[in-house]
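These notes are about the structure you will find just below.
The values are calculated or read from the model by the stated rules, or taken from the named source; none is laboratory data. Computed from a predicted structure; not experimentally measured. Here Cβ is always computed from backbone atoms with ideal geometry, including for glycine, and neighbour counts include all displayed protein chains. For accessibility, only protein heavy atoms count, side chains too; no ligands or nucleic acids. Shrake-Rupley method; radii C 1.70, N 1.55, O 1.52, S 1.80 Å.
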Amino acid sequence: MFKANTIIIPAGIVVLLFIAFLAYTGHQLAESSTRDVAVARETGVPIVLGLQDMRAGVMRIVTSSSEQALLQHLTVNDHAGHAHTDARSKESELVNSGQQIYAAGLGILSRQFLATQQNVPPDTLARRRADMANLATVYSSLLASARELSLATASGNIEALLEAKEVFEESETATLMAIERTLNAELSITESMLADSAASTIALGQGIDYAAALIMLAVALLTLAVARLHALESRARLRAERNSDELSREIEFRKQAETQLVAAQKLSGMGTLLGGIAHSINNHLVPILSLSQLLGKSLPPDSADRRDAEMITDSARSARKTLGDVLAFARGTQDQPTSDRCEAIAALRHLLQIASKAMPSAIAFNIRFEVETAWVGLTSTELENLALNLLSNARDALAGQPGRIDLIAQRVDGAQAKAESPIIDLPAPCYFRLEISDTGSGIAPEVLPRLFDPFFTTKEVGQGTGLGLAVSYGIAHRAGGTIAVRSEPGKGSCFAVLLPVVDTEAGFEDPS
Amino acid sequence: MSTILIVDDDAAVRYTLQRVLAAHDFTAHPTANGKEALAYLKDHAVGLIITDIIMPEVEGIELIHTLRAAYPDLPILAISGGGRLDAREHLKMAEAFGASQTLRKPFDNDELIAAIRQFLPGTTPPANKGD
């Protein structure tokens, strides 16, 4: 930016001086001979008009490239992509105007040539020809570097962008210096012509016009440069904003992934620990269970001692059951791939044969199968246990009161599954969804985060181990799925089990 | 009467198995690891082996593998209480390696005896003891 400013100021001064100069020489022109004036008018009018066009074009550039206008245009559009496109179209608009003006300037210069062939000294003519050729060359390399700059900006490669910008600025400077040199040469000739009273006024006038055209060219180029730099800046700012948005999103995603990873590791660690403890206790239970059985059988029936022995046996069996649940939960926490398969609908139908009979009559139990078959990565026992656990919880939530329990089995696609459970990673394309909802007491919001914790229970002491949901979650997790909960105290709860649909046991894709 | 060979590194489990087997008129010989078991097998005929899966020195699974190779007709009953993998996974592995039957620890005595009788049917349950 600063480079443009350091050139604009001296160029501005030149323009001001020249306008003053023009005013003075215009006065001089008026005093020329009638024939001269006629010729001047013939050749001068299109030039003047051309210059007026140029002036208007430059003003257009100057006003439309103002920072305010561009920024306004950008901020109005919220969507970054949209604003980006607008910045680009603004820029190409400016570039096109600049190019048009430059072309007009060159056009005027060549017309100038045709008009002044007879009246201009040959060495001046030769020099002007050389100037024009030089200006044309310099300008085309400027255009080339401008193109490179556009490409580099679009590529998003910072190094390429900086390099291209440097090349472009060098090219700009070269063009401006070429114009300045030409302008200086013309001004010195004009000065000497003014000093020489015998000089042709037409030649003088045309010389002035030539210089004016050159100045206009310089101004056009400068405003073009400023406009381009403005556009580049805005684009760079937009890109930075977009990158920072992307960066924030990336950071957010990584944070979430890390949290999930830590949670998974904790869970896995807990699973290993629980597995180790369970193994050890299972060993200790062998003498307790087996020897108490032996003892009991050797004691007189109905004796207190025999009852004591049987109590020990029962207690050992309960311990075995609890450890079994703990191990089931521990299994669920390990991310080992499983080759288990079962057809979910068949398993559910099997469960419901018994489960529907066990439902209290006060509860309206509605079953809806929206699919005929769905293969999932569990054993049928695991799926039945999971469904049974959720159904029992639903029944308990109604606490004997009249109400409703719905069981719905359906298929959903990956997007729907993700919508229901956004935090958990659900990459499969298709999920089996088992919904069990009730119109019971609901779950308090502060309880929800702890719902799947092992040994967490809202039931009375002795009523539940607090392992049911933990085990269910573990089962779902092991199959690559999850359980989503929605609940409103007083209204009811809805548990949705999401399990990836897998290949059938036979090894081919489920056709439905 | 065939001898049942017990292989388990836990003394309480060895004792319990012996007691339960004796109560059902089986003869059992306890060993603490695979090395001892293989040494015993060199010189003694055995009708069935009950082995734990996780043990030091010669690991249970490895033992089963070796036994299968050396004594192809010998029935092997594998038992497990879980561990790093859980009991289910261990037992699946045991089956894959050649165990004839698997059982989870702790077991009901009836379960154990029923499993053994599959391989040693010759032993009839004593009439005067309630089962």
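A Cβ distance below 8 Å, combined with a sequence gap of six or more or placement on separate chains, defines the contacts here; from segment A:273-285, residues that are free of Cβ contacts under 8 Å to residues at least 24 places away in the same chain reach residues that are surrounded by fewer than 22 Cβ atoms within 10 Å (Cβ to Cβ) in the pairs A:276/B:83; A:276/B:84; A:279/B:54; A:279/B:83; A:283/B:10; A:283/B:12; A:284/B:12. What residue, among those in segment B:57-76 that are away from chain A (no Cβ under 14 Å) and under 21 Å from residue B:11 (Cβ atoms), is modelled with the lowest pLDDT? Taking the candidates together, the pick is B:57. Filter segment A:338-388 for residues that are open to solvent by less than 30 Å² (accessible area, probe 1.4 Å) and touching a Gly at 6+ places or on another chain (Cβ under 7 Å) and give the result. A:340, A:363, A:377 - these are the residues of segment A:338-388 that are open to solvent by less than 30 Å² (accessible area, probe 1.4 Å) and touching a Gly at 6+ places or on another chain (Cβ under 7 Å). Across segment B:9-52, the number of residues qualifying as within 14 Å of chain A (Cβ to nearest Cβ) and over 22 Å from residue A:282 (Cβ atoms) comes to 4. With the condition kept exactly as written, say whether any residue in segment A:309-321 is buried (at least 18 other Cβ atoms within 10 Å of the Cβ), under 60 Å from the mean Cα position of the chain (by Cα) and more than 10 Å from every other protein chain (Cβ to nearest Cβ). No: zero hits. Apart from one condition, residue A:401 fits all of (1) open to solvent by 60 Å² or more (accessible area, probe 1.4 Å); (2) under 20 Å from residue A:485 (Cα atoms); (3) not hydroxyl-bearing (Ser, Thr, Tyr); the exception is (2). May I ask you to list the residues in segment A:416-436 that are outside any loop (DSSP other than H, G, I, E, B) and open to solvent by 70 Å² or more (accessible area, probe 1.4 Å)? Once the filter is applied, which keeps residues that are outside any loop (DSSP other than H, G, I, E, B) and open to solvent by 70 Å² or more (accessible area, probe 1.4 Å), segment A:416-436 yields A:416, A:418, A:419. Of all residues in segment A:281-299, those satisfying the criterion of being within 8 Å of chain B (Cβ to nearest Cβ) and of a type outside the set (A, V, I, L, M) are A:282, A:283, A:284, A:287, A:290, A:293, A:297. Does residue B:92 fit the bill of being in a helix (DSSP H, G or I), open to solvent by 60 Å² or more (accessible area, probe 1.4 Å), of a type outside the set (Ser, Thr, Tyr) and modelled with pLDDT under 80? Considered against the rule, which asks whether it is in a helix (DSSP H, G or I), open to solvent by 60 Å² or more (accessible area, probe 1.4 Å), of a type outside the set (Ser, Thr, Tyr) and modelled with pLDDT under 80, residue B:92 comes out as yes.
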